[in-house]
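A.B. asks: Before we start, here is the structure in question, set down as structure tokens.
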Amino acid sequence: ERGRRGMDIARRLGIFQPVLFGSTYERKVKNLFGSALLAYWPLWENSGSTAHDISGNDRDGSYSGVALGEQGIGDGHTCPFFDGASGYCNVYSTDLRDVFNGSEGTAMIWAKPGVGALTDGAAHDFVRLQVDTANRVCIQKTATHNNFALWWEGADVLEIVSLTVSTYVWHHFAITWSKSADQVKVYVDGAQSGSTQTGLNTWTGNLALAILGASSSAPAFPWNGWLAHALLLDRAASAMEVAKCATV
């Protein structure tokens, strides 16, 4: 009530300046996607082992071997560092398994490579969602220098886009898939990379693994660098939505 009175007085005095509520990055994500968010892990914790899901669905993840409280993407929050050896974040739950849509969806994440990670000759996964090796979604820096691959695979039919990233700064990655539209699209820094993939096979089975910063909890192919603002949708995001998420 006091705030409304102050705004009324300011208007009458001609000094009112509108305030844009929901202008932070996380509010932008929530405003864009609403109930389409299956999970949203901003990865901004400074301590503890829980990666909180702020989508409202409480599908929290668990950190292992990461350094929290590192400098983030510039949104005023921190992020974790993954050491390329033992760090990962397990976001699998039976609740996520039951709602994950292997036929229609989107995965997005911000990633910044660690020193030397782009040219170390090793593969580094930073998003892995899978039933098995025939049905999976992956975002990976491959063993080839400066090469990244994003793929969706259904019933052993692979839809993959490779791209080049050669700078050690924050990049936004997204992959969208839609069996009904027969399309897989890949985006980096808000722009589509490569051609739209078609000829999708049928996703088979229930999600059995969901992990950030590695391809398994061993961990295998561990990420070397920083990650922030990982999210999953139950539909394919539009190009405009991805572009908006690729800006802080």
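The values are calculated or read from the model by the stated rules, or taken from the named source; none is laboratory data. Everything quoted here is computed from the prediction, not taken from an experiment. When we count neighbours, we look across all protein chains shown, and the Cβ atoms used for this are built from the backbone with ideal geometry, even at glycine. Please note that ligands, DNA and RNA were not included when accessible areas were found on the heavy atoms of the full protein model with its side chains. Shrake-Rupley method; radii C 1.70, N 1.55, O 1.52, S 1.80 Å.
A.B. asks: Average the reciprocal distances over every distinct pair of alpha-carbons in the range 179-230, invert the result, and give the Kirkwood radius in Å.
C.D. replies: 14.1
A.B. asks: At a Cα cut-off below 26 Å, give the lysines reachable from Lys28, other chains included and same-chain residues fewer than 8 away excluded.
C.D. replies: Cross-link targets: Lys112, Lys185, Lys244.
A.B. asks: Assign one of three labels to the range 44-83, namely rounded, prolate or oblate, based on the Cα gyration tensor with a ≥ b ≥ c the square roots of its eigenvalues; rounded applies when a/c is under 1.5, prolate when it is not and a/b is larger than b/c, and oblate otherwise.
C.D. replies: Taking the square roots of the gyration eigenvalues as a ≥ b ≥ c, the range 44-83 is oblate.
A.B. asks: Hey, can you rank 229-238, 67-76, 51-60 by average C-beta count inside 10 Å, highest first?
C.D. replies: 229-238, 51-60, 67-76
A.B. asks: If amide H atoms are built 1.01 Å from N in the plane of the peptide, which residues on other chains or at least 5 residues away come under 5 Å of the amide H of Gln183?
C.D. replies: For Gln183, whose amide H was placed from the backbone, the distant partners under 5 Å are Ser178.
A.B. asks: A further question follows. How much of the accessible area of the chain, probe 1.4 Å, is carbon plus sulfur, in whole percent?
C.D. replies: Of the solvent-accessible surface of the chain, carbon and sulfur hold 49 percent.
A.B. asks: To test your reading of the geometry: what angle, between 0 and 90 degrees and rounded to tens, separates the Cα axis of helix 2-13 from the longest principal axis of the chain?
C.D. replies: Roughly 70 degrees between the two axes.
A.B. asks: Additional query: Ignoring ligands, DNA and RNA, what accessible area per residue does the range 95-187 give at 1.4 Å, in Å²?
C.D. replies: Accessible area per residue, the range 95-187: 33 Å².
A.B. asks: Based on alpha-carbon positions alone, could you give the equivalent ellipsoid semi-axes of the chain from the gyration tensor, as √(5λ), descending, whole Å?
C.D. replies: Equivalent ellipsoid of the chain: 32, 21, 18 Å, largest first.
A.B. asks: Let me ask something else about it. Run the quick spin-label model on Ala134 and Thr198: label points 7 Å from Cα toward the beta carbon, then report their separation in nm to one decimal.
C.D. replies: Spacing of the two 7 Å Cα→Cβ label points: 2.6 nm.
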